[in-house]
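Before any comments, here is the structure.
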Amino acid sequence: MEKFGRPLDEALAVLTQPAKGNLSPIVEAVGDVVSRPETRVREGDKSLVLVSDMLQNSGQFSVFGNNPATRDPERLKRLVTKVWQESGARDWKLQVHQVQGVYDPTRLEQASTLWQQALRGAGVAVVWERL
């Protein structure tokens, strides 16, 4: 408990605190993690756990702003599909723990709906939970 449980609880407490920044390239970060050589194991189950508000904000897709090109749900689906397939993550399981944070609950709900539709449309097995 002292060497594993307590440090894990402390790390999770920090991770669930909202933070602000200009960019939040969630899809791109996922692609980076699942395509790394050290995550390409041949045997066993592979899971990725995200603790995030899921408010994607990058040049590829954003839930912010009024630019219809970067807010198009189909664009998010294409981006997720591309990243998931090109990175070799087809057999990964995804768990998302959406932090509610400091943002408007309506925006968080919209992000949740967009992501879940995009992930399922891309054939990604996902378990979604709100923290």
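Which of the residues belonging to the stretch 49-64 are surrounded by fewer than 19 Cβ atoms within 10 Å (Cβ to Cβ), within 9 Å of ILE26 (Cβ to Cβ) and either in contact (Cβ under 8 Å) with a residue 60 or more places away in the chain or touching a Ser or Thr at 6+ places or on another chain (Cβ under 6 Å) (or both)?
Within the stretch 49-64, ASN57 is the sole residue that qualifies.
Within the stretch 85-107, take every residue that is farther than 26 Å from PRO37 by Cβ and either assigned to a loop (DSSP other than H, G, I, E, B) or under 13 Å from the mean Cα position of the chain (by Cα) (or both) and give me the one that is modelled with the lowest pLDDT.
Taking the stretch 85-107 and keeping what is farther than 26 Å from PRO37 by Cβ, we get 97-107.
Restricting the remaining residues to those that are either assigned to a loop (DSSP other than H, G, I, E, B) or under 13 Å from the mean Cα position of the chain (by Cα) (or both) gives 97-104.
Numbers: HIS97: 94, GLN98: 93, VAL99: 90, GLN100: 84, GLY101: 71, VAL102: 75, TYR103: 78, ASP104: 85.
So, considering only residues that are farther than 26 Å from PRO37 by Cβ and either assigned to a loop (DSSP other than H, G, I, E, B) or under 13 Å from the mean Cα position of the chain (by Cα) (or both), the one modelled with the lowest pLDDT is GLY101.
Go through (1) closer than 19 Å to THR113 by Cα; (2) over 15 Å from the mean Cα position of the chain (by Cα) and name the single condition LEU50 misses.
(2)
Going by the structure shown, is THR70 within 14 Å of the chain's Cα centre (by Cα), among the hydroxyl-bearing types (Ser, Thr, Tyr), in a helix (DSSP H, G or I) and over 21 Å from ARG130 (Cα atoms)?
So THR70 does not fit the description; no.
Would you please name the residue that is farthest from GLY101 (Cα to Cα), looking only at residues in the stretch 65-77 that are modelled with pLDDT of 85 or more and surrounded by 17 or more Cβ atoms within 10 Å (Cβ to Cβ)? Walk me through how you get there before you give the answer.
Restricting attention to the stretch 65-77, the residues satisfying the condition of being modelled with pLDDT of 85 or more are 74-77.
If we keep only those that are surrounded by 17 or more Cβ atoms within 10 Å (Cβ to Cβ) as well, we get 76-77.
Working: LEU76: 22, LYS77: 25 Å.
Among them, the one singled out is LYS77.
I'd like the residue in the stretch 22-47 that is over 9 Å from the mean Cα position of the chain (by Cα), among the small types (Gly, Ala, Ser) and assigned to a helix (DSSP H, G or I) and, out of all such residues, is nearest to GLN98 (Cα to Cα).
GLY31
The values are calculated or read from the model by the stated rules, or taken from the named source; none is laboratory data. Just so it is clear, the structure is predicted and the values come from calculations on it, not from any experiment. All Cβ positions, glycine included, derive from the backbone under ideal geometry; neighbour counts span all protein chains shown.
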